[in-house]
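Input: a single structure, listed below in structure tokens.
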Amino acid sequence: MSEQKSTGGMVPWEVFVQPRTGAPHEHVGNVHASDAEMALQNARDVYGRRGKVVSLWVTPASAIHATTPDDSGPFFDPADDKPYRHPSFYKVPHGGKNV
Amino acid sequence: MFDGRASGRPTSDTDMTTATLDPELRPALFDYLLRLGDDALVLGHRLSEWCGHGPYLEEDIALTNLALDCVGQANGLLGLAAEVEGAGRDADDLAFRRDALDFRNALIVELPKGDFGFTVARQLLFSAYAHLLYEALRESAFEPLAGIAAKAFKEARYHLRHSSEWLIRLGDGTDESRQRAQTALDDLWMYTGELFEKDDTLRTLVDAGLAPDPRALEAPWRERVEAVVSQATLTLPEDDFMLTGGRSGRHTEHLGHLLAEMQFLPRAYPDAVW
Amino acid sequence: MNEVAQVEEFEARIRQGEKIEPKDWMPERYRKQLVRMMSQHAHSEVVGMLPEGNWITRAPSLRRKMALLAKVQDEAGHGLYIYSATETLGVDRDDLVQALLEGKAKYSSIFNYPTLTWADIGVIGWFVDGAAIVNQTMLAKASYGPYARAMIRICKEENFHKKQGYEICVTMARGTPEQREMLQDAINRWWWPTLMMFGPPDKDSTNSAELLRWKVKQKSNDELRRHFVNITVPQVQALGMTLPDPDLKYDEEAGAWRFGAIDWDEFWRVVRGRGPCNRERLRARRAAHEAGAWVRAAAEAYAAKQRAKQETNGVRAA
């Protein structure tokens, strides 16, 4: 399929599915497509064929930026030692309901 | 255009079920349900021939979804036809044990699947018709048919979107795809007239509020097809000779082969259950 | 960190049951083994559409037709999920497909056998999908995250495949003498090739030890095969059918079925391209790919034109 690659046409799109209203969109995999409409249709047929989908997002895979494992220390560890962000950090006396 | 049931009105006492159907309407309704069911069955068969052979994996899956919609519709419609007939047959009897002369599908759906351009062009021409038809049939006074139509309408709308987007890409794609798409339209055009014919069966049902007048569907159909064809930078073929016959059992040579394949097992082993 | 330390850390993570994700460091050998195994798996799903697809237009009832269409379609979908997971390892699906079409990639040998009667459709769902489920249930715990996730999705969806196959077999087993004969014939033809699906015996399996150590697999080929035989033999008996193995007998002590010797010469012959349908299967895939070339080219050309238009409009607007 080298002739396809030279035009850069059929590219991977990442697919996100919302299984029901109110639920977040979840990443489910990719489809290959030439443009956004085709990517949506392909995602509908590939990831929505059993129902349980109320909304679909597609985005060119190349548009996704991700952290690397090397980032994980500086990115995420500093958040590990901030217990005051969690409710269990705070003490309230027993009778205080609905606080 | 069609007031079998006033739009939006919930089911009322005047709506017919199989039990309350006027016996005089039965033959026409049976005939009509065969037309709808056979269209879906035969088109579904042609689409199913793509399974495993599509132009790429995603589209293979898409074509099979279209086929599944059609076979599902056929199952419902032929089941209803059998009920209306009341002769103890079921959907499978109607699908697998009738010969070509008794099939009532339009000729356009039985033509061999051709290349992807032919399949797309047929899907456009047919689904542009089917989505208008089922939109109207949702209001049929025959309640079970209105129920099937509600689902079939949604499916046909998606088929229309899928085929429209593809025809636009093929028409406005490469020189080769453009030529293939135009050839397909030209080859198919003479089979489109049949979809809008009004015969005795339809006169009876239209008068009874069971089916929409097919002639009323033609103008909006043409408008939709024209819009897509023009966006695809293709040319709408000229109206010339229109070939008909499917609704009265006069088919092309292709249907016999299709049925020989489809019906082989139930015919070869008439007593077996599969 | 030097490579030895990296490998140690990697293997420690695996031992602790951690999942490896695409951007994590992994030994090149792990990556290569995954690409090989996952792409073979994906190819198998796609080539696997052909033998069953052979009966879609001849399915004997509308219900059977819909079930078979949905099942064969699932195989395309599952091929796609696995290709998608393989792409996270930095390979391109197009290259993988190209390797298949050129005959350089392998796929499961089972799909090089023909489907001769409708009973084959039942027996494939029952045996072949049954064997695949045994394998995939294990792979759903694979150490590579994207592979495991694809497998979880696939296992959920394939639930109905085996049941629809067995239902066809039950119906035929209760049917006419001809139907029973067809069913027995299909069982006879598919049994041994199905046992071969689990791969060569452990002593001859070059990749097994490594895949087990890296927890891509958790069970050896022979273990999986024995498990499959143990669950399947009673199902065959329940239908009043027999298996084509004179040495098959129940070992009371071990509580397990002992089966006869597998013809590994046949296995290797088919793997190397000399099966009944190897050439046809590849030819069918190639034909579909080539017939689709102009379609893909059209979609791409259209997209390129639209992009060019947008750019021109953008310039004008600016």
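Taking all Cα pairs closer than 8 Å and separated by 6 or more residues, the relative contact order of chain C comes to 18 percent. A Förster radius of 41 Å, combined with the Cβ-Cβ distance separating C:Asp24 from C:Lys163, puts the computed FRET efficiency at roughly 0.65. Would you mind getting the Kirkwood hydrodynamic radius of the range B:57-145 from its Cα pairs, rounded to one decimal in Å? It works out to 15.0 Å.
Residues of the range B:101-144 that bury at least 10 Å² of accessible area once all protein chains are present, compared with their chain alone (1.4 Å probe, heavy atoms only, ligands and nucleic acids left out), are B:Phe116. Interface residues of the range C:25-60, defined as those losing at least 40 Å² of solvent-accessible heavy-atom surface relative to the isolated chain (probe radius 1.4 Å), are listed as C:Met49, C:Thr57, C:Arg58, C:Pro60. For the set B:Lys154/C:Lys141; B:Lys154/C:Lys309; C:Lys23/C:Lys162; B:Lys154/C:Lys305; C:Lys23/C:Lys141; C:Lys106/C:Lys156, the pairs lying more than 28 angstrom apart at their alpha carbons are B:Lys154/C:Lys141; B:Lys154/C:Lys309; C:Lys23/C:Lys162; B:Lys154/C:Lys305. Within the assembled protein chains, the solvent-accessible surface assigned to A:Phe89 is about 100 Å², based on a 1.4 Å probe.
Note on the range B:160-230: semi-axes of the ellipsoid equivalent to its C-alpha gyration tensor, largest first and rounded to whole Å, are 32, 12, 8.
3J(HN,Hα) couplings calculated from phi for the range B:212-220 with the Karplus curve 6.51 cos²θ - 1.76 cosθ + 1.60 (θ = phi - 60°) are, in sequence order, x, 6, x, 5, 6, 8, 5, 5, x Hz; Gly and Pro show x.
Solvent-accessible area per residue in chain C equals 43 Å², computed with a 1.4 angstrom probe and all protein chains kept. At a threshold of 40 Å², the residues of the range C:255-304 that become less accessible to a 1.4 Å probe in the full protein assembly than in their chain on its own are C:Ala288, C:Trp294, C:Val295, C:Arg296, C:Ala298, C:Ala299, C:Glu300, C:Tyr302.
Between A:Trp57 and B:Ala268, what is the label-to-label distance in nm when each label sits 7 Å out along the Cα-to-Cβ direction? Inter-label distance under the simple model: 5.3 nm. Each Lys and Arg contributes +1 and each Asp and Glu -1, all at the Cβ; summed about the Cα centre of the range B:25-268, the dipole is approximately 380 debye. Accessible surface for the range A:8-64, divided over its residues, is 44 Å² per residue with a 1.4 Å probe. Largest accessible area first, the listed residues B:Thr192, A:Thr21 line up as A:Thr21, B:Thr192 when surface is computed with a 1.4 Å probe on the assembled protein chains. Convex hull volume of the C-alpha atoms in chain C, normalised per residue: 180 Å³. In terms of packing, defined here as the mean over residues of other Cβ atoms within 10 angstrom, the peptides C:127-140, C:234-247, B:160-173, A:67-80 line up highest first as B:160-173, C:127-140, C:234-247, A:67-80. Surface composition of the range C:105-147: carbon plus sulfur atoms hold 67% of the accessible area, using a 1.4 angstrom probe and ignoring ligands, DNA and RNA.
Between C:Gly79, C:Gly145, C:Gly90, where does the largest GNM mean-square fluctuation fall for chain C, given springs only between Cα atoms within less than 10 Å? Looking only at C:Gly79, C:Gly145, C:Gly90, the biggest GNM fluctuation is shown by C:Gly90. Estimated translational diffusion coefficient (Stokes-Einstein, Kirkwood radius over Cα pairs, 20 °C, 1.002 mPa s) of the range A:8-64: 192 µm² per second. Suppose we keep just the DSSP beta bridges with both residues in the protein assembly as shown; what percent of those would be antiparallel, to 5? If we restrict to bridges inside the protein assembly as shown, about 90 percent are antiparallel. Sequence-distant contacts, meaning Cα pairs under 8 Å at least 6 residues apart, place the relative contact order of the range B:25-268 at 25 percent. Computed in the context of the full set of protein chains, the accessible area of chain B at 1.4 Å probe radius has 48% of its extent on carbon or sulfur. As a fraction of the 1.4 Å probe accessible area of the range C:20-93, surface on carbon and sulfur atoms comes out at 53 percent.
Rg/Rh for chain B stands at 0.96; both radii use Cα atoms, and Rh follows the Kirkwood definition.
Put simply, chains C and B cover up around 4000 Å² of each other's accessible surface, both sides summed, when a 1.4 Å probe is used. In a reduced charge model with +1 at each Lys and Arg Cβ and -1 at each Asp and Glu Cβ, the protein assembly as shown shows a dipole moment near 1640 debye about its Cα centre.
Simple rule: put +1 on each Lys or Arg Cβ and -1 on each Asp or Glu Cβ in the range B:104-252, find the dipole, and look at B:Leu185, B:Gly245, B:Gly209; the Cα lying farthest toward the positive end is B:Gly209. Between chain C and chain A, roughly 2100 Å² of accessible surface gets buried, counting both sides and using a 1.4 Å probe. Placing a label point 7 Å from the Cα of C:Lys156 along the Cα-to-Cβ direction, the residues of the range A:25-50 whose backbone N falls under 14 Å from that point are A:25-29, A:47-50. Peptides C:255-262, C:105-112, B:57-64, B:242-249 ordered by packing proxy, namely the average of other Cβ atoms within 10 Å per residue, highest first: B:57-64, C:105-112, B:242-249, C:255-262.
Name the residue farthest towards the positive end of the dipole of the protein assembly as shown from the options B:Leu57, C:His43, B:Ala91, assuming +1 on Cβ of Lys and Arg, -1 on Cβ of Asp and Glu, about the Cα centre. It is C:His43, whose Cα lies furthest towards the positive end. Per-residue ellipticity at 222 nm computed for the protein assembly as shown from its helices equals -19000 deg cm²/dmol, with DSSP H segments shorter than 4 residues left out and the rest contributing -39,500 (n - 2.57).
Three principal axis extents of the protein assembly as shown based on alpha-carbon atoms, in descending order, are 83, 79, 71 Å. Using the 1.4 Å probe convention, the accessible area of the range B:25-268 works out to 34 Å² per residue with neighbouring protein chains retained. Pairs from the list B:Lys113/C:Lys71; B:Lys113/C:Lys65; A:Lys52/C:Lys71; C:Lys32/C:Lys71; C:Lys163/C:Lys217 with a Cα-Cα gap above 20 Å: B:Lys113/C:Lys71; C:Lys32/C:Lys71; C:Lys163/C:Lys217.
The values are calculated or read from the model by the stated rules, or taken from the named source; none is laboratory data. What you are looking at is a predicted structure, and each value in this text was computed from that prediction instead of being measured. In this analysis, Cβ positions are derived from the backbone assuming ideal geometry, glycine residues included, and neighbour counts consider all displayed protein chains. Ligands, DNA and RNA are excluded from the accessible area calculation, which covers all protein heavy atoms including side chains. Shrake-Rupley method; radii C 1.70, N 1.55, O 1.52, S 1.80 Å.
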